[in-house]
Amino acid sequence: MATPGPVHEALAELELVDHHCHGAVTADLAPDEFASLLTEGEAWPGVSPFDSPVGVAVRRHCAPLLDLPRHAPPADYVARRSALGWQDVNRRFLTAAGAAAFFVDTGYTAHPLTSPAELAAASGAVACEVVRLEQVAEAVAARGVEPDAYAAAFRTAAEEAVRRPGVVAVKSVAAYRTGFALDPTRPADAEVTEAARQWLAAGGRLADPVLIRHLLWTAVGLGLPLQLHTGFGDADLRLHLADPALLTDWLRLTSGTVPVLLLHCWPYHRQAAQLAAVFEQVYLDVGLALHHTGPARCRAVLEEALEVTPFRKMLYSSDAYGVAEFHHLGALCFRQGLADLLQDRVDADELSLRDALRIAAWTGRDNARRLYGPLVSAPARDPGGRPTRKV
């Protein structure tokens, strides 16, 4: 760990833009419910999620915000959380994240979660919406549509969704549904109609390769930044098919269109970095991996991701879901890990302090602000605490 210096001070004060996260639960959690939300897998008998890097990090870095000692035992932690109530717990962790804005994916609601407006009220920050396009497609199917009308109906529904107030981006979870080993070309109308006929007859979630290709090409035409889940996820994912390098041909075909944000990326963050280095429209983050590796290892993930990534191409996200601890822990890991590696480079005379402070501000806030536009009216501060223009 680097000796704390000016970069640590600057990142501690910087109001972040969390460009991809989810809501926090709106219910008090039983011990097993809380434990299950600490993991992308399951809470198996005899294997507690508290006995993992993220579980240890929660007890070390989140317990003090609940007025508990560091490393509080799991039973004490969960009991204190319940005693405070979910509203107070959410407020404490969301405000501790120190974010000026959260961009909230509203498309996954396996638990009752805060809406963007509720998250904004709890955090004192601005909360914008990220529209998940698979959910839009499935809503079109649920309403009923003829196969030859599906493509137009989906396009219309997606255009209506992105016109909602506060929407800043769209997202696809193609990595979960089919993986990225897809034909990169835009499917023909006849292909879409036939695929829609089969899907609408069978029902279920959207997982047809032709319709996923159609969804991705439709997303390009919407004009908003497109977020793509890549890499690390839950057991529903075939990890080798979530390697963003599989998107290379599609990225070549869509060059010059909309920004493509590769989310999470680990363990393919080096592949994502290469794509960001060679394709103008490609950006990345290492959200989710930050709090799952915890402060002990998040620097290594950030350092590997930044080996070749242009500094204007890396963004911050937490990908926090369910427990508000992850909104806070993601921000804490990002600040500490990035500050450590930048301060060490300053101390070794590999970076000037001025450059290090610019990289910190770009990555934590300004790259998102540049990509997503003049988002909101929350005040922002430069490293060092000087007020600057709106987020």
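Quick look at the numbers
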| read-out | value |
| --- | --- |
| Sequence of VAL220, VAL168, VAL17 once ranked by neighbouring C-beta atoms within 10 Å, starting from the fewest | VAL220, VAL168, VAL17 |
| Low-density loop cleavage sites - GluC sites (Glu not before Pro) in the range 275-360, where at most 16 other Cβ are within 10 Å (DSSP) | GLU280, GLU307, GLU350 |
| Residue order, fewest to most beta carbons within 10 Å, for VAL131, VAL58 | VAL131, VAL58 |
| Cα centroid of the range 146-213 to Cα centroid of the range 332-366, whole Å | 40 Å |
| Highest-MSF residue in the chain out of ALA121, ALA276, ALA201 [GNM, Cα springs under 10 Å] | ALA201 |
| Among ARG163, ARG369, ARG177: highest mean-square fluctuation, GNM of the chain, C-alpha pairs under 10 Å | ARG163 |
| Nonlocal amide H pairs with VAL323, under 5 Å, H built at 1.01 Å | VAL25 |
| Cα convex hull of the range 45-145 - mean projected area over all directions, nm² | 8.9 nm² |
| Cys with no candidate disulfide partner in the chain (beta-carbon separation under 4.7 Å rule) | CYS21, CYS62, CYS128, CYS265 |
| The chain, dipole about Cα centre (Lys/Arg Cβ +1, Asp/Glu Cβ -1), debye to the nearest 20 | 860 debye |
| Relative pair counts by distance (%), Cα atoms of the range 30-84, 5 Å bins | 4, 21, 33, 26, 12, 4 |
| Computed helical MRE - 222 nm, the chain, DSSP H runs ≥ 4 contributing -39500 (n - 2.57), nearest 500 | -12500 deg cm²/dmol |
| Ratio Rg/Rh [Cα only; Rh per Kirkwood] for the chain | 0.97 |
| Antiparallel bridges, percent of DSSP beta bridges restricted to the chain (to nearest 5) | 5 percent |
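Bear in mind these aren't lab numbers, they're just calculated from the coordinates by the rules spelled out. The structure displayed is predicted, hence computed values, not measured ones. Cβ atoms come from the backbone with ideal geometry, glycine included; neighbour counts cover every protein chain shown.
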